[in-house]
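In what follows, a single structure is set out as structure tokens and then discussed.
All of the numbers you see were taken from the coordinates with simple rules; none came from a lab. These numbers come from a predicted model, not from an experiment. Quick reminder, even Gly has a Cβ in these numbers, built from the backbone with ideal geometry, and neighbours come from all protein chains shown.
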Ligand code: B12
Ligand code: SF4
């Protein structure tokens, strides 16, 4: 569930503004659906969020809103437009306002009707593009209303079996050249009161979530903060699994044991490269030795470790790609590759020439961190594709082993990147909603299973097991209409 937009909705509601949310992540995206929503709700303002790779869609949504009603004020926020505000307004005349950086107080000002020139942290069109002063980061995160999760279609998220997202602090003091994390959240980390964080955890568990991912850039930075909230989780007897993003140089065995005791089961380390010179160039400020140690300590504490690499970084060569693969295999822990995407606002984009990086395209849809959009002198799309294919070979070998063990569910989940691929297939195309009126023939759930078998390529047993579980959990329900059933996500 996207946290940025939940925080924006939260502060607006808290201040008595009426907000509705159209979630197009876990439902079918269609312009017809957006038109119907606009018709029914008649909003004064429409806001969208995006990262770089989905900026083209976000922009298109606002274009469509403007074409339906030219008086709607269109607003966009998020890390992509924060660092490309002027370009965005210049190329997309249907966008009225770009919100730069943290958006809670800025959006509240906009919705409250404050004069645009007096609102800090925006760019807007007025005789050309006007960029207002930077807005200072929110000093006291505890003063922010909680994210408005209740506005999201929770049953759909539960069917996908996803974790709840919680932010315990914002900011990161590091300055890795490929990341805009510290430019979004600031280089001085700000922390929430651990007791309030654990209150929020209790709330999401009450909403039916079973796991939590802390979305902080770097949760393990401040050990006192981590100990306090781990102790609070333990003292309240809360039992749930959680995961975090971390750096290998911000942990020690004692801290990891405490985190494990409080329910931490997975930790993702940004490892980035198996070549020390590249690590130094990208200002990661860690050593290969420290990476090995961080992985070992995590495992010793009983936490699963995922190591995340980026290929195509400055200085990458065919040789360093090989080194990175060998290094990754040697860690003896799950690992994955991203491909360098030089996002707006990153040092690697701003100083690409100095870093020996050629940027091949600014087609934002390709900035998915899975497609090569840059080249170094010795490694470009072909070499990166080759490294990726070795990675996929390894993954396929792993999946083949699983198949031998008869774990077909795991295979589907791994291939689709989803825990519940069937749920994704149903949600992504609004399949349940498209069934319409159904005859009341026999047992309702069995009838639904029968209908779904006709429209999705899953076996009877897979559909039946999942659908029964969702019905038992109250996620799927039907209403009676003219003696017919109409199924819906609750
Ligand atoms: C947590 C996280 C994730 C989580 C998201 C979990 C969640 N439930 O939200 C997961 C792991 C799923 C994830 C996935 C991805 N992420 Co990520 N992620 C982050 C991280 C570390 C923190 C984001 C966060 O929660 N910040 C706190 C919230 C409150 O801030 P926010 O989302 O930025 O929203 C604020 C403002 O941006 C603004 N705002 C945002 N939207 C809107 C909309 C309106 C109308 C307004 C007014 C304001 C506004 O106001 C919000 C409140 O202050 C950031 C690093 C960072 N610090 O920005 C990277 C970051 C956002 N991720 C990044 C990337 C690349 C990705 C992926 C594309 C990776 C991939 N290849 O799949 C995907 C994209 C997913 C998607 N569809 O958006 C990049 C984005 C750079 C870019 N320009 O594209 C970042 C900046 C890290 C980096 N490499 O520099 N990510
Ligand atoms: S990659 Fe991690 S450590 Fe580096 S700046 Fe981004 S959030 Fe901070």
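The order of 335, 424, going from fewest to most other C-beta atoms within 10 Å of their C-beta, is 424, 335. Using only the Cα atoms of the stretch 286-444, build the gyration tensor, take square roots of its eigenvalues as a ≥ b ≥ c, and label the shape rounded, prolate or oblate: rounded if a/c is under 1.5, else prolate if a/b is larger than b/c, else oblate. Because a/c hits 1.5 or more and a/b fails to exceed b/c, the stretch 286-444 counts as oblate. Residues of the stretch 33-55 falling in the label zone of residue 456, defined by backbone nitrogen less than 18 Å from a point 7 Å along Cα to beta-carbon, are absent. Averaging the Cα positions of each part gives two centres, and for the stretch 413-490 and the stretch 277-311 these lie 43 Å apart. The length gained by stretching the chain between residue 21 and residue 227 to full extension, at 0.36 nm per residue less their Cα-Cα distance, is 70.6 nm.
Compute the length gained on full extension between residue 300 and residue 350: take 0.36 nm times their separation in residues and subtract their Cα-Cα distance, giving the result in nm to one decimal. Here the segment from residue 300 to residue 350 would lengthen by 14.0 nm.
Remark: spin-label model distance residue 130-residue 161 equals 5.3 nm, labels positioned 7 Å along the Cα→Cβ axis.
Peptide packing for 454-465, 308-319 was compared via the average number of neighbouring C-beta atoms within 10 Å per residue; ordered from the highest value, the list is 308-319, 454-465. The Kirkwood radius of the chain, taken over pairs of alpha-carbon atoms, gives through the Stokes-Einstein law at 25 °C and 0.890 mPa s a diffusion coefficient of 99 µm² s⁻¹. The mean sequence distance of close C-alpha pairs (under 8 Å, at least 6 residues apart), as a share of the length of the chain, puts its relative contact order at 12 percent. Any chance you could check the Cα centroid distance between the stretch 242-259 and the stretch 120-143 for me, in angstrom? Distance between centres, Cα-based: 35 Å.
Label positions at residue 28 and residue 361, each projected 7 Å from the Cα along the C-beta direction, are separated by 2.8 nm.
Each label was represented as a point 7 Å from its Cα along the Cα-to-Cβ direction; for residue 14 and residue 261 these points are 3.3 nm apart. Packing, as the average of other Cβ atoms within 10 Å across residues, places the peptides 1-11, 33-43, 274-284 in the order 1-11, 274-284, 33-43, highest first.
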